[in-house]
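Since every read-out is calculated from the coordinates, none of them should be taken as a lab result. Being a predicted model, the structure only gives us computed values, none of them experimental. No Cβ is skipped: glycine too gets one built from the backbone with ideal geometry, and neighbour counts run over all protein chains shown.
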Amino acid sequence: MNPIPRISWLSAALLATATAVAADKPVLKDVYKGKFEVGVAINRSVTMGAAGMRRSQEQVNSDIALVKEQFNQVVAENEMKWESIHPRAGADGFNFGPADALVAFGQSNRMSIAGHTLVWHSQTPTWVFAGTNPPPASATNAPVPPPAPAVATNSTGTNGPGARRPGFGPGFGGGFGRYNGPRASREELLERMRDHIHTVAGRYKGKVKVWDVVNEALSDSGTTNVLRSSLWSEIIGPDFIAKAFQYAHEADPAAILRYNDYGLENPMKRQKLITMVRQLQAQKVPIHAIGSQAHINVSTTFEIMDQTLAEIATLGLPIHITELDINTAQGGQRATGADVAANAATTQGGQVSDADKKLADAYEAVFRAFVKHDKSIDIVTFWGVNDAVSWRAQGKPLVFDGDNKPKPAFAAVIRAATGGQLK
Ligand code: 9MR
């Protein structure tokens, strides 16, 4: 065996590690110790240590070093979604490898682990909803209807319906490519949901501390329709949410069960959250935390985040900031969306002027709000390690650049921990 490639790989890895752990660099998880965990969404390149299309081996090594250095909580950006972990029907239809790697990575680095996500209208394979009942006439070839313009999207700088285009939606189960064939019955779909939740949450019992049980069930449009229309809500009915929490609680009674959604900085969407969660609480549904994704943009102010957190806290449940990133792309300032199909539009037009400073100011503002509400907040999770691997890379929304160098926004987040003044 020729030892030379091995030596050069090793020295590259050591160099990458040394670069990432410079002695004088502050550490996010340390400066927020006692307030909340600071987490990050990671992919299989990090958990398996393997180069991929986006990252060379050297870059992956640097990403791993940065994750270990800065964060004490992890979540899989994609590996636990239904389409990934349970692509086919039947007992052998599961694909646990990448999810197991995430759990092993978190455990071996003594990080707490969140599971994302058990029930979602998006990224759910067609077989889950298929059966022998004819779909309602309204469903056949029905695209996602254009959003009602009623909800203001700009002022809050949050996700709103404005960025969604008719016929474009977020995945196999709903929206884009939405399944329109014969459907399962309510009982069949409940049984598939129960089997999925019991198998997945059961497998990681005692290892995954927090589950996103239901993701993005709230409607973006109108004021009266609280829930979005999805194959879950149409086939099962609105109690699909309560059932999912019940099954998750059965599977792992000690797990913290979270409802997770985006756009909660928008007062109208937030009101829908409060309405829905109060109903669940009145029915004694085991819901233990609110996940606020916080895919926001640089217009988001301290006041918006302060108000958002104050109102969510009235539910009496811990708040987890679950998918934090702050879009600097011009296209994301008008209206943003966490829906995958809307993402392209929200990252167009290049960055806003003075993007690094605006990003730093926005991060400092929202972290000051997190600190103000730290009694309510248990976890703050960044949605990606750095700008290069971000789902909205063109929006450069994170605090580390593609070389894992801290941006001014990193210093701003550190400053906010100590109550530093905004400039
Ligand atoms: O960041 C995720 C991206 O890599 C995936 O392609 C996409 C579809 O699975 O999902 C992205 O993450 C979403 C998360 O799971 C739920 N909230 C919105 C996030 C951004 O779309």
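What to note about this one:
- All Cα pairs of the range 66-126, percent lying beyond 14 Å: 57 percent
- Shape category assigned to the range 34-108 from the gyration tensor of Cα positions, a/c cut at 1.5: oblate
- Taking packing as the residue-averaged number of other Cβ atoms within 10 angstrom, the listed peptides 309-316, 365-372, 324-331, 80-87 run from highest to lowest as 324-331, 365-372, 80-87, 309-316.
- Computed FRET value (nearest 0.05) for residue 357 with residue 310, which takes r as the C-beta separation and R₀ as 35 Å: 0.80
- The HN-Hα couplings worked out from phi for the range 343-351 by the Karplus form 6.51 cos²θ - 1.76 cosθ + 1.60 (θ = phi - 60°) are 4, 3, 5, 7, 10, 8, x, x, 7 Hz, whole numbers, x standing for Gly and Pro.
- Note on residue 110 and residue 275: their simple-model spin labels are 4.7 nm apart, each label 7 Å out from Cα toward Cβ.
- The range 182-300 shape via C-alpha gyration tensor axes, a/c threshold 1.5: oblate
- Pairs of Lys residues in the range 166-308 are counted when their Cα atoms are under 23 angstrom apart and they lie 8 or more places apart or on different chains; the count is 10.
- Pairwise label distance in nanometres, residue 205 with residue 30, each label 7 Å out on the Cα-Cβ vector: 3.9 nm
- Taking the Cα centre of the range 260-338 as origin and assigning +1 to Lys and Arg Cβ atoms and -1 to Asp and Glu Cβ atoms, the resulting dipole is close to 340 debye.
- The range 364-407 shape via C-alpha gyration tensor axes, a/c threshold 1.5: prolate
- In Hz, Karplus ³J(HN,Hα) per residue of the range 295-302 (6.51, -1.76, 1.60; θ = phi - 60°; x = Gly, Pro): 7, 10, 9, 5, 7, 6, 9, 4
- Gain upon complete extension [residue 282, residue 138; 0.36 nm per residue less C-alpha separation]: 48.6 nm
- Binned Cα-Cα distances of the range 197-244, short to long, each 10 Å bin given as a whole percent: 22, 42, 27, 9, 0
- Distance from the range 54-107 to the range 345-404 (C-alpha centre basis), Å: 22 Å
- Formal net charge of residues neighbouring residue 46 (Cβ-Cβ distance under 13 Å; K, R +1; D, E -1): 0
- Each of residue 56 and residue 225 was given a label point 7 Å from its Cα along the Cα-to-Cβ line. The distance between the two points is 5.0 nm.
- Of 363, 291, 418, farthest towards positive along the dipole that unit charges on Lys, Arg, Asp, Glu beta carbons give the range 271-423: 291
- Sequence-distant aspartates and glutamates (8 or more away, or on other chains) whose Cα lies within less than 19 Å of residue 81: 92, 100, 191, 195, 212, 216, 252, 261, 323, 339
- As a rough guide to protection, the peptides 392-398, 185-191 ranked by mean Cβ packing within 10 Å, highest first, stand as 392-398, 185-191.
- Highest-first packing order for the peptide set 104-117, 347-360 is 104-117, 347-360, based on the mean count of other beta carbon atoms within 10 Å.
- With R₀ fixed at 25 Å, the C-beta to C-beta distance from residue 126 to residue 48 puts the FRET efficiency at about 0.35.
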